[in-house]
1. Assigned to a helix (DSSP H, G or I) and surrounded by 18 or more Cβ atoms within 10 Å (Cβ to Cβ): does that describe A:Thr127?
2. Of B:Leu32, B:Leu62, which residue is part of a loop (DSSP other than H, G, I, E, B) and more than 30 Å from A:Arg56 (Cα to Cα)?
3. Suppose we filter A:Glu52, A:Glu57, A:Glu69, A:Glu117 for residues that are away from every other protein chain (no Cβ under 12 Å) and of a type in the set (D, E, K, R); which single one remains?
4. Looking for something at pLDDT 90 or above, crowded, with 18+ Cβ neighbours inside 10 Å and not in a loop (DSSP other than H, G, I, E, B) - is there at least one such residue anywhere in the stretch A:71-79?
5. So, in the stretch A:80-114, exactly how many residues are more than 13 Å from chain B (Cβ to nearest Cβ) and either charged (D, E, K, R) or assigned to a helix (DSSP H, G or I) (or both)?
6. If a residue must be farther than 19 Å from B:Ser107 by Cα and in contact with a Gly (Cβ under 8 Å, 6 or more places away or on another chain), how many such residues does the stretch B:51-74 contain?
7. Can you say whether B:Ser107 is surrounded by fewer than 21 Cβ atoms within 10 Å (Cβ to Cβ), out of contact with any helix residue (DSSP H, G or I) (no Cβ under 6 Å at 6 or more places or on another chain) and within 14 Å of chain A (Cβ to nearest Cβ), as far as the supplied structure shows?
8. Can you name every residue in the stretch B:68-114 that is in a strand (DSSP E or B), over 18 Å from A:Val118 (Cβ atoms) and not aliphatic (A, V, I, L, M)?
Amino acid sequence: MKIRRRARHHNVIPTASMADIAMLLLIFFLSTTIFKAREALSVRLPGATTGEHFQRERAIRVWVGPHGEVAFNDAAVPMERVGETLASKLAQNPSLSIALYADARVPYGTVARVLDEVERAHAPRVTLTTERRGGG
Amino acid sequence: MFRAAGLCKSFGALEVARGISLELPRPGEAPLVFPAAKTSHAVVSADQSVTLDGVAVPMEALGGAVRMKLREKPDLLLVLSVDPRAPYASLVSALDQVKLAGARQVSIQTGEAP
């Protein structure tokens, strides 16, 4: 009698599509990643329900800390030099907007002085950056 | 590597923030003159108390009070004065309330609050 040999089954995991899956995952993570911008000062922004969106990278960010200290994206600046520094940054790239990141607790008088400096730099508009408060 | 970085930028990896936009006076522009008949004054004091045309209003009710004024005068011009000692948050809250009420013409008065 002829005994049939059992055919051996090799268990293999199909890996042919692994490269495609890896590529798709890579594209997904690349497209959904948000780079957190470095903050010059630690501030607590005031809350508001209204407001318009703007791209942080397309704005000159002016920070006003809780003790009235002023800083740009990268460095601290004395109050009396804010207008001059802004004007030179705007001259380099006039398409940039100005966004004010002022601490909610700082006296309005300090913010008004910064706004005067922004005006002195001939900026057409400024955005008062806020945190989203529930509602609208 | 460079392609990946470019792809990141083009796919909107730029962070978005939100805020209240203010238009600043142009250089040499004459100071605004407000016709008294269609102007309302909102004043925020150092203790964050609010008055609208001399009547005390809680900050959270400012929007409603402005809305009532807008019904009477749709072309209302609102002048907002904030005491320099008041916290900056009170300016933002007042602007927020006024914007929520639908006021289109809002001016921030500079200098000492009356």
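1. Details: assigned to a helix (DSSP H, G or I): no; surrounded by 18 or more Cβ atoms within 10 Å (Cβ to Cβ): yes.
The answer is no for A:Thr127.
2. Working: B:Leu62 fails: part of a loop (DSSP other than H, G, I, E, B).
Criteria check complete, one pass: B:Leu32.
3. Working: A:Glu52 fails: away from every other protein chain (no Cβ under 12 Å); A:Glu57 fails: away from every other protein chain (no Cβ under 12 Å); A:Glu117 fails: away from every other protein chain (no Cβ under 12 Å).
Only one candidate qualifies: A:Glu69.
4. Checked the stretch A:71-79: at least one residue is at pLDDT 90 or above, crowded, with 18+ Cβ neighbours inside 10 Å and not in a loop (DSSP other than H, G, I, E, B).
5. The first filter runs over the stretch A:80-114 and keeps only residues more than 13 Å from chain B (Cβ to nearest Cβ), leaving A:80-82, A:84-85, A:88-89, A:91-96.
Filter once more, keeping what is either charged (D, E, K, R) or assigned to a helix (DSSP H, G or I) (or both): A:80-82, A:84-85, A:88-89, A:91-92.
Count: 9.
6. 0
7. On the way: surrounded by fewer than 21 Cβ atoms within 10 Å (Cβ to Cβ): yes; out of contact with any helix residue (DSSP H, G or I) (no Cβ under 6 Å at 6 or more places or on another chain): yes; within 14 Å of chain A (Cβ to nearest Cβ): yes.
Judged against the criteria, B:Ser107 is a match.
8. Result: B:Ser81, B:Pro87, B:Gln105.
The values are calculated or read from the model by the stated rules, or taken from the named source; none is laboratory data. Model, not experiment: these values are computed from the prediction. Note that each Cβ is placed from the backbone with ideal geometry, even for glycine, and that neighbours are counted across all protein chains shown.
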